[in-house]
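The values are calculated or read from the model by the stated rules, or taken from the named source; none is laboratory data. Predicted, not measured: the structure shown is a model, and the values here were computed from it. Methodologically, a virtual Cβ is constructed for each residue, glycine included, from the backbone with ideal geometry; neighbour enumeration extends over all protein chains shown. For accessibility, only protein heavy atoms count, side chains too; no ligands or nucleic acids. Shrake-Rupley method; radii C 1.70, N 1.55, O 1.52, S 1.80 Å.
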Amino acid sequence: MSHFFGTDGIRGKAGEFLTYEFIKEIGYSISLFIKKNKLENKVLIGYDTRESSEFIVYTLTSIFLYYGINVDNCGICS
């Protein structure tokens with residue numbers, strides 16, 4: 001999966017590369033990592049002002065909650 005990450009995170013156009021299924025897999029992978037490593041069941045999500053941010057945040061939040069991971073949404077951040 002390392003080929004999906006750039007220097008500032010995952011890069012790609014929402015709806016084309018960053019599809020619901022792909023974002024769902026990312027959320028699942030992070031949830032699995034948290035559970036497997038017995039980390040605190042909490043993630044912090046921040047995002048930018050692009051139109052796709054709400055779709056990505058909503059998708060990740062729903063996946064995290066489904067797997068029992070609490071979500072703190074800090075909203076738009078730089």
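Observations on the structure shown:
- Subset of the stretch 23-52 (residues that are surrounded by fewer than 16 Cβ atoms within 10 Å (Cβ to Cβ) and part of a helix (DSSP H, G or I)): Lys24, Glu25, Tyr28, Ser29, Leu32, Phe33, Lys35, Lys36
- Filtering the stretch 59-78 to residues that are hydroxyl-bearing (Ser, Thr, Tyr), open to solvent by 60 Å² or more (accessible area, probe 1.4 Å) and modelled with pLDDT of 95 or more leaves Tyr66, Tyr67.
- Residue among Leu44, Leu65, Leu32, Leu60 that alone is touching a Phe, Trp or Tyr at 6+ places or on another chain (Cβ under 9 Å) and of a type in the set (A, V, I, L, M, F, W, C): Leu32
- Within the stretch 1-19, tally of residues that are aromatic (Phe, Trp, Tyr) and either surrounded by 13 or more Cβ atoms within 10 Å (Cβ to Cβ) or at pLDDT below 70 (or both): 2
- Contacts under 6 angstrom Cβ, first residue in the stretch 33-60 being over 14 Å from Ala14 (Cα atoms), partner assigned to a helix (DSSP H, G or I) and of a type outside the set (S, T, N, Q), 6 or more apart: Val43/Phe64; Ile45/Val57
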